[in-house]
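To start, the structure under review is shown below, and the notes come after it.
The values are calculated or read from the model by the stated rules, or taken from the named source; none is laboratory data. What you are looking at is a predicted structure, and each value in this text was computed from that prediction instead of being measured. Every residue, glycine as well, gets a Cβ built from its backbone with ideal geometry; the counts of neighbours run over all protein chains shown. Each accessible area value is taken on the protein alone, full model and side chains, heavy atoms only, with ligands, DNA and RNA left out. Shrake-Rupley method; radii C 1.70, N 1.55, O 1.52, S 1.80 Å.
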Amino acid sequence: MVITQKLNSLSVAQLSVMIQSGAVDPVEVAEATFDAIAAHADPAVFISLLRDRAMSEAGAASRRIRDGRSLGLLDGIPVAWKDLFDITGLATTAGSKVLAHTAPALDDADVVSHLKAAGMVAIGRVNMSEFAFSGLGINPHYGTPKNPRSTDVPRIPGGSSSGSGVAVAAGLVPVSIGTDTGGSVRIPAAFNGIVGYKATRGRYSMRGVFPLAQSLDALGPLCRTVQDAVWIDAAMRGLSAPSIGRGTLQGLTIVIPQNVVFDDVQSGVSDAFESATARLAKAGVKIVRFAIPAFDEILDLTAKHGALVTAEAYALHQQRLAGPEAADMDPRVVTRTRLGAKITLVDYLKIITSRTRLIGEVAGLVDAGALIAFPTVAHVAPPMEPLKTDDELFVKTNMRTLRNTLLGNFLDWCGISIPCGTGEAGMPVGFLLSALPARDEQLLSAALCAEAVIRGE
């Protein structure tokens, strides 16, 4: 079957051409997808499969396309969902055993409905860090998906959208939808060598999405190309076609911060990032470097008052943590969430007030037409086994992994991680392009023309 042989290298756009031209049938694509999942050596990628729904949706797409009534570019394209999006008839478990017996969702989350309306085929729900509260992707309940890019030892996938990153990187699906509260789309994208786009918070409906911290939660696709992200973005907003055009590198300014984001960076990560930066400069991009004081202040605020995500996660899970369910949760998630009990109302209000001020200060420092760039993560995906058993190493690595990306969440930026080369152990490095709040069109337009240069193609 032609599609089985090529699935692991096809982008959404490539697969769309084949489906719309009649070279392959959506039913054939869906069957090949389930065959690839069944043959994949790692059973921890998917938590649940939706074979009956998928085959029904693929059959409907097949009939539409044969009759000349295609819904558009995404009709018949497979998609996987992080295990915190409501799917009709399934309990929404958010990577946790304690929610396994909750009532099934009565309808799909809004973004699930939007992609179904675009003709996409829901394949299943993929693994994640429990309650989305880790940047590493380790899950003691459903297992931890192994990073498919590793050639030496099993390495972490990144989190919390761990299954999303692995499902795409391993060629099981062309796109998976994740959430990002502190880096949970961009981190697994960087670690697995794919594209991950975190939209500005509020760009998509959050109805039917299990939260972590509502002041920070955002959504976005993990996929193979920026073009794929543009197409999926439009559909997630309920649009029938994308409206974002390809920008130009001429006259584009990219700010590279000189504080925080390069602290303790691995040499291979720095080298890959700087090589991509040099290519962008050669292509006509203006590169400017200066410190962004807000970065240091965000870290100071967290050290003094606690993390905003921890305060809101504790408020969400307080009753659960006080009852018998806590014994069935990941002990590390329990410990981290309980830190929120120490964050007072005064602390929380100071964090919120400072956040508003810092967003304004950065908007005054960075030109509205400029983008900001730095390594998505300061290190490549580390080995998995030591992190499973060493709590101190886990906490240290988790904070280091989240450090760069959480800055954008706190400042309400949008961001997209694009592969820019490899670092230690031949593992992928991510180049994070970000823009100020609600400048998603500007970011995606620039990313469309910068992607090939960043990748070194």
Step by step: find N for region 56-101, compute 2.2 N^0.38 Å, then divide the Cα radius of gyration by it. What's the final number?
1.62
Of every hundred units of 1.4 Å-probe accessible area on region 370-419, the number belonging to carbon and sulfur atoms, as a percent, is 61 percent
Counting only protein heavy atoms and a 1.4 Å probe, tell me what percentage of region 154-277's accessible area is made up of carbon and sulfur.
46 percent
Percentage of interatomic Cα-Cα distances in region 80-145 larger than 17 Å:
42 percent
Take every Cα-Cα distance within the chain, group them into 20 Å bins from 0 onward, and report for each bin the whole-number percent of pairs it holds.
27, 60, 13, 0
What residue among LEU339, PHE394, LEU71 has its Cα farthest toward the positive end of the dipole of the chain, where the charges are +1 on Lys, Arg and -1 on Asp, Glu, each on the Cβ?
LEU71
Ratio of alpha-carbon Rg to the 2.2 N^0.38 Å globular estimate for region 278-420, to two decimals, please.
1.26
Per 10 angstrom bin, beginning at 0 and ending with the bin that holds the maximum distance, the Cα pairs of region 36-78 fall in percents of 25, 39, 26, 10
Rounded to whole Å and sorted largest first, list the principal axis extents of the Cα atoms in region 248-323.
58, 27, 23
Under 17 Å between C-alpha atoms is the cut-off here; go through the chain and count lysine pairs that meet it, provided they're at least eight residues apart or on different chains.
9
Just to be sure I understand: if I project the alpha-carbon convex hull of region 158-225 onto a plane and average over all orientations, what area do I get in nm²?
4.1 nm²
Counting only heavy atoms of the protein chains, get the accessible area per residue of the chain (1.4 Å probe) and round it to a whole Å² value.
36 Å²
Under 10 °C and 1.306 mPa s, how fast does region 86-226 diffuse according to Stokes-Einstein, given a Kirkwood radius computed over C-alpha pairs? Answer in µm²/s, whole number.
106 µm²/s
With +1 on each Lys and Arg Cβ and -1 on each Asp and Glu Cβ, how big is the dipole of the chain about its Cα centre, in debye rounded to the nearest 20?
460 debye
Toward the positive end of the charge dipole of region 235-375, about the Cα centre and with charges on Cβ (Lys, Arg +1; Asp, Glu -1), which of MET329, GLN318, VAL366 goes farthest?
VAL366
Taking the alpha-carbon set of region 349-457, what are its Rg and Dmax in Å?
16.3, 47
What is the distance in Å between the Cα centres of region 177-213 and region 368-407?
15 Å
What's the Cα-based Rg to Rh of region 295-344, Rh via Kirkwood?
1.06
Volume per residue that the Cα convex hull of region 353-413 spans, once the total is divided by residue count, Å³
96 Å³
